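So the structure is just underneath, and the comments pick up after that.
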Amino acid sequence: KAQKQRIEKKAAKKAERVAAIAENLKKIKNSSPCKTEEKASEAPAAEAPAPVAEEKPTGGEVSVSMIKELREATGAGMMDCKKALIENGGDAEAASEYLRKKGLAQADKKAARVAAEGRISVASKDGKAVMVEINCETDFVAKDGSFLSFGDSVANAALDVGNEDTDALASTDIDGSTVEETRQALVSKIGENIQVRRFVGRGGSDSTVGSYVHMNRIGVLVEIEGGSTGLAEDIAMHVAAMNPPFAVPDEVPGDVLEKERNILKAQALESGKPAEIVDKMVEGRIRKYLEEICLVSQTYVKTNDKTVGKLLEENGAKMVGFTRIEVGEGIEKKEDNFAEEVAAMAAGKA
């Protein structure tokens with residue numbers, strides 16, 4: 001009997017579990033997917049995130065692209081361009097003008113510094129040739145691409161300027177700006193004192209001009225009648241090497257000859273020779289002196305077998321003249337004394 005009760009009790013519990021499972025299944029069935037979807041469709045759809053708009057600089061703001069564009073347009077440094085744009089509220093045109101004014105200020109500050117390095121630039125057109133000396137402070141800058149390009153531009157501009165007038169050259173246009181404005185911008189960009197010191201020209205419709213520039217530092221123009229440009233260039237190379245004071249004897253000033261004659265006569269009289277012999281000795285030495293100081297009398301360095309005058313004669317040419325300039329000649333350079341600098345520093349610390 002007890003066994004029978006346990007079995008009945010166990011069966012009752014099983015029936016309860018089955019009924020509970022059935023009830024759960026009924027609830028699940030009543031909450032069908034259709035209703036779930038319907039409820040979901042009734043809910044407002046979530047709005048899609050709006051695309052992020054690209055930030056654009058507004059008044060006063062400065063972007064990297066703006067700085068880059070101004071740098072490419074002006075050649076100024078990145079930080080200078082950034083400062084110029086900030087100072088002018090992001091206005092590129094005003095910033096460019098600001099940089100130009102700043103360049104002028106920097107050029108004025110650096111103008112007092114010694115500029116004895118640089119290069120000689122040459123240009124020629126329609127039988128005329130010019131040489132321009134442009135100075136800077138260091139030989140490093142003298143090799144800079146911007147500096148070299150400026151020199152070539154100024155030389156070409158000088159072809160149309162007469163009378164070797166540097167003031168007129170400064171106001172001549174190159175690439176939309178004057179030579180002076182371009183110089184000031186270059187001073188701002190490079191950071192050294194840069195000066196267009198001088199220019200010289202030779203040639204015309206009735207003559208031939210040849211040029212030679214040695215190591216960018218020594219420039220020579222040779223002008224001849226007849227002959228060829230190649231002949232004039234060969235003689236220009238001789239002038240660069242030998243640096244004769246005069247082209248022909250007729251160019252030698254009378255006072256120079258008289259001074260030399262007096263010196264030679266005094267030397268000859270000391271020998272005790274008669275006056276008529278002394279005069280002949282002096283005239284012979286004057287001829288020798290003229291041969292040494294005049295281009296046409298010098299031995300041509302390229303062959304060493306004839307004079308420059310003979311070379312011209314063989315080529316049906318005649319010497320007109322030459323011009324020779326050298327970078328930095330006549331400019332007093334500052335000599336640094338290392339020992340004095342160290343002593344001054346030591347005295348300052350004491």
**Prompt:** Using Cα pairs under 8 angstrom and six or more residues apart, how large is the relative contact order of segment 111-205, in percent?
**Reply:** 37 percent
**Message:** Could you derive backbone 3J(HN,Hα) for segment 219-230 from the dihedral phi with the Karplus parameters 6.51, -1.76 and 1.60 (θ = phi - 60°), listing whole Hz in sequence and x where the residue is Gly or Pro?
**Reply:** x, 9, 10, 10, 10, 9, 9, x, x, 9, 4, x
**Prompt:** What ranking, highest mean first, results for peptides 82-89, 246-253, 216-223 when packing means the other Cβ atoms within 10 Å averaged over each residue?
**Reply:** 216-223, 82-89, 246-253
**Message:** Only four residue types carry charge here, +1 at the Cβ of Lys and Arg and -1 at the Cβ of Asp and Glu. Report the dipole size of segment 204-296 about the Cα centre in Debye, rounded to the nearest 20.
**Reply:** 460 debye
**Request:** On the protein heavy atoms, probe 1.4 angstrom, tell me the percent of accessible surface of segment 111-205 carried by carbon and sulfur.
**Result:** 43 percent
**Request:** Take peptides 318-330, 181-193 and line them up by average Cβ neighbours within 10 Å, highest first, as a rough protection proxy.
**Result:** 181-193, 318-330
**Request:** Sort ASP139, ASP206, ASP255, ASP165 by accessible area with a 1.4 Å probe, largest first.
**Result:** ASP206, ASP255, ASP139, ASP165
**Prompt:** Rounded to the nearest 20 Debye, what is the dipole magnitude of segment 111-205 about its Cα centre when Lys and Arg each give +1 and Asp and Glu each give -1 at the C-beta?
**Reply:** 220 debye
**Request:** Could you list, in their original order, any pairs among LYS259/LYS318; LYS125/LYS333; LYS125/LYS318; LYS310/LYS333; LYS128/LYS259; LYS128/LYS310 whose Cα atoms are separated by more than 31 Å?
**Result:** LYS125/LYS333; LYS310/LYS333; LYS128/LYS259
**Asked** Sorted from largest down, what three extents in whole angstroms do the Cα atoms of segment 135-223 have along their principal axes?
**Response** 43, 29, 18
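The values are calculated or read from the model by the stated rules, or taken from the named source; none is laboratory data. Note that the structure is a prediction, hence the values are computed from the model and not measured. Neighbour counts run over all protein chains shown; Cβ positions are idealised from the backbone, glycine included. When the accessible area is computed, the model is the full protein with side chains, heavy atoms only, and any ligands, DNA or RNA have been set aside. Shrake-Rupley method; radii C 1.70, N 1.55, O 1.52, S 1.80 Å.
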